[in-house]
Amino acid sequence: MRSRRSPVWVFDLDDTLHHASPHIFPHINRAMTAYIERHLALDHAQATALRQHYWHRYGATLLGLIRHHGVDPHHFLEQTHDFDDLGSLIITAPALAHTLKMLPGRRIIFSNAPRRYTQEVLCLTGLWTLFDAVYTVESFSFQPKPLRTGFLKLLKKERV
C-alpha cells in the first residue's frame, strides 16, 4: 500500500501574496540603484543599467553584486529593503487569508527578499501564522530564485 503525502505549496511573496509592483518594487529599485551609485561610484544611468543587467543575468541584482563586486549581501539587503511605513504600501486581496487556510497540506514561502522584510510583510498582511516555513534569500547562501540551486536546497530541507 502506498502512503499518500499531503501537498506542499511553495509561494513567492512579492507579487504573489501581495501586489508589490505599484509601490514596493519602485521603492526597492530606487534604493538598489542608489546603493550601486554610492558603493560602486557610478552615475545614475550606469547604476540603473548594471542593476538591470544583473537582474536579467542572475535573476537577482544582489547575486551579480556579490559575484562581481564583493558587496556584503546583508548590508545591501538592509539598505534596499528599508521602508518608513511599509504597511501603507501593501496591497493584498481581502479573501487571501481564507483561501490560503483552505489549501490542504503545508504552505511554505520562498522569497528573494530578506528575512526581516518578509516577516514584516507577512505580519502586516495577517498571513504569518498561515505558513509552516519561511525561506528567504539568506536561507540558502544567497541563492535566489530562479536559480535551481536554491530550489533544490529548499526541497531537500523540506524533504519534498
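Quick note: the coordinates plus some simple rules give every number you see, no bench work behind them. What you are looking at is a predicted structure, and each value in this text was computed from that prediction instead of being measured. Please note: Cβ atoms are built from the backbone with ideal geometry, for glycine as well, and neighbour counts cover all protein chains shown.
How high is the relative contact order of the chain? Use alpha-carbon pairs under 8 Å, at least six apart in sequence, and give a whole percent.
28
Using +1 at the Cβ of each Lys and Arg and -1 at the Cβ of each Asp and Glu in segment 1-44, identify which of Leu17, His39, Ser6 lies farthest towards the dipole's positive end.
Going by the charge dipole, the pick is Ser6.
Around Lys153, what is the net charge, scoring Lys/Arg as +1 and Asp/Glu as -1 over all other residues with Cβ under 14 Å from its Cβ?
Here the count lands on +3.
Is the C-alpha gyration tensor of segment 63-138 telling us rounded, prolate or oblate? Criteria: a/c under 1.5 is rounded; beyond that, a/b larger than b/c is prolate, otherwise oblate.
Because a/c hits 1.5 or more and a/b fails to exceed b/c, segment 63-138 counts as oblate.
How large is the dipole of the chain about the Cα centre if only Lys and Arg carry +1 and Asp and Glu carry -1, each at its Cβ, rounded to the nearest 20 debye?
Roughly 1160 debye, rounded to the nearest 20.
Using modelled amide H (1.01 Å from N, peptide plane; none on Pro or chain starts), what sits under 5 Å from the amide H of Val134, excluding residues fewer than 5 places away?
Counting only residues 5 or more places away or on other chains, the set is Ile109.
Please enumerate, by chain and number, the aspartates and glutamates with C-alpha under 12 Å from the C-alpha of Lys145, excluding those fewer than 8 residues away in the same chain.
Correct list for Lys145: Asp12.
Residue by residue, what Karplus-based ³J(HN,Hα) values in Hz, rounded to whole numbers, does segment 47-54 have, using 6.51, -1.76 and 1.60 with θ = phi - 60° and x for Gly and Pro?
Couplings: 5, 4, 4, 5, 4, 5, 4, 5 Hz.
How large are Rg and Dmax for the chain when calculated on the C-alpha trace, in angstrom?
17.0, 65
Under the Karplus relation 6.51 cos²θ - 1.76 cosθ + 1.60, θ = phi - 60°, what is the ordered set of whole-Hz ³J(HN,Hα) values for segment 101-110, x standing for Gly and Pro?
4, 7, 6, x, x, 8, 10, 10, 9, 9
Using label points projected 7 Å from each Cα along Cα→Cβ, tell me how many nm separate Leu152 and Trp128, to one decimal.
3.4
If amide H atoms are built 1.01 Å from N in the plane of the peptide, which residues on other chains or at least 5 residues away come under 5 Å of the amide H of Trp9?
Arg106, Arg107, Ile108
Using θ = phi - 60° and the Karplus relation 6.51 cos²θ - 1.76 cosθ + 1.60, list the HN-Hα couplings for segment 14-20 in order, rounded to whole Hz, with x at every Gly or Pro.
6, 6, 10, 9, 7, 8, 8
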